[in-house]
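Input: a single structure, listed below in structure tokens.
Laboratory data are not the source of any read-out in this text; all were calculated from the coordinates shown. Source: prediction; values computed, not measured. Methodologically, a virtual Cβ is constructed for each residue, glycine included, from the backbone with ideal geometry; neighbour enumeration extends over all protein chains shown.
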């Protein structure tokens with residue numbers, strides 16, 4: 001905290017820091033406390049949060065790609081045209097789920113629920129609870 005009692009804004013991650021974090025975590029299999037020793041000014045908690053954010057972005061983009069492809073096949077339109085209607089629905093679902101356990105869903109199930117009018121998020125919520 002700063003003297004005024006407000007939290008100071010953390011420094012943004014540089015691309016070099018992110019590359020180092022990913023390499024140390026994925027290649028060298030280091031823990032976050034070990035990684036933070038290689039990144040001056042970064043705590044183990046910051047390293048863990050940034051790595052999880054990086055990984056969730058990869059998952060997010062992969063799910064978007066799979067759902068766009070599946071929706072395109074179902075309704076017979078090019079993926080680019082489908083993206084305009086399906087992405088906002090998928091984004092809403094992902095915000096609701098907070099990106100947790102997204103890998104538990106099959107792209108076909110996601111697409112079927114998202115193409116409904118309105119989208120049938122309840123069916124997906126129930127399926128996730130049953131699988132846990």
Net lengthening on full extension, residue 18/residue 56 (0.36 nm per residue, minus Cα-Cα): 12.3 nm
Could you grab the Rg to Rh ratio for region 6-91? Cα atoms only, Kirkwood for Rh. 1.18
Once you put a point 7 Å from the Cα of residue 66 and another 7 Å from the Cα of residue 38, both along the Cβ direction, what distance in nm separates them? 3.0
I want to check the label-to-label distance for residue 26 and residue 85. Put each point 7 Å from Cα in the C-beta direction and report it in nm to one decimal. 3.5
